[in-house]
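*Asks:* Next up is a structure, given as structure tokens.
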Ligand SMILES: [Zn+2]
């Protein structure tokens, strides 16, 4: 379950920010996850509860934002939204197979709220 490793590295960043700002507690953490990132939101939430126990982020709300996959079709010179959890993308206009995924694999901390 690599979600634990993901949350551990996210927590390291959160703890560093909290220490820099001398925060007493972390209220909310927003993670942005591409639909192709291959992580389970439920597993992430479970991992979050486990790794934050006893830390400054214990009890914080974990919000997850989904980032859609954007795929580029060179024939039409446009981007389209790829289906989640798919590895093969077909242009909705010309029906060509397109392999140029421009976004959708990101996994990033987009916001940390603390007090
Ligand atoms: Zn096309």
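*Asks:* Take the range 72-115 and flag every residue that is at positive phi and either at pLDDT 95 or above or within 8 Å of the ligand (Cβ to nearest atom) (or both). Spell out the reasoning first.
*Replies:* Here is the first cut: in the range 72-115, the ones at positive phi are 77, 85, 95, 104.
Selection gives 77, 95.
*Asks:* Ok, one more. Condition check: part of a loop (DSSP other than H, G, I, E, B), surrounded by 13 or more Cβ atoms within 10 Å (Cβ to Cβ) and more than 16 Å from the ligand (Cβ to nearest atom). Does residue 56 satisfy that? Show your work before the answer.
*Replies:* Values: part of a loop (DSSP other than H, G, I, E, B): yes; surrounded by 13 or more Cβ atoms within 10 Å (Cβ to Cβ): yes; more than 16 Å from the ligand (Cβ to nearest atom): yes.
Considered against the rule, which asks whether it is part of a loop (DSSP other than H, G, I, E, B), surrounded by 13 or more Cβ atoms within 10 Å (Cβ to Cβ) and more than 16 Å from the ligand (Cβ to nearest atom), residue 56 comes out as yes.
The values are calculated or read from the model by the stated rules, or taken from the named source; none is laboratory data. Here the structure is a predicted model, which is why all the values come from computation and not from measurement. Cβ coordinates were reconstructed from backbone atoms using ideal geometry, including for glycine residues, and neighbour counts include every protein chain displayed.
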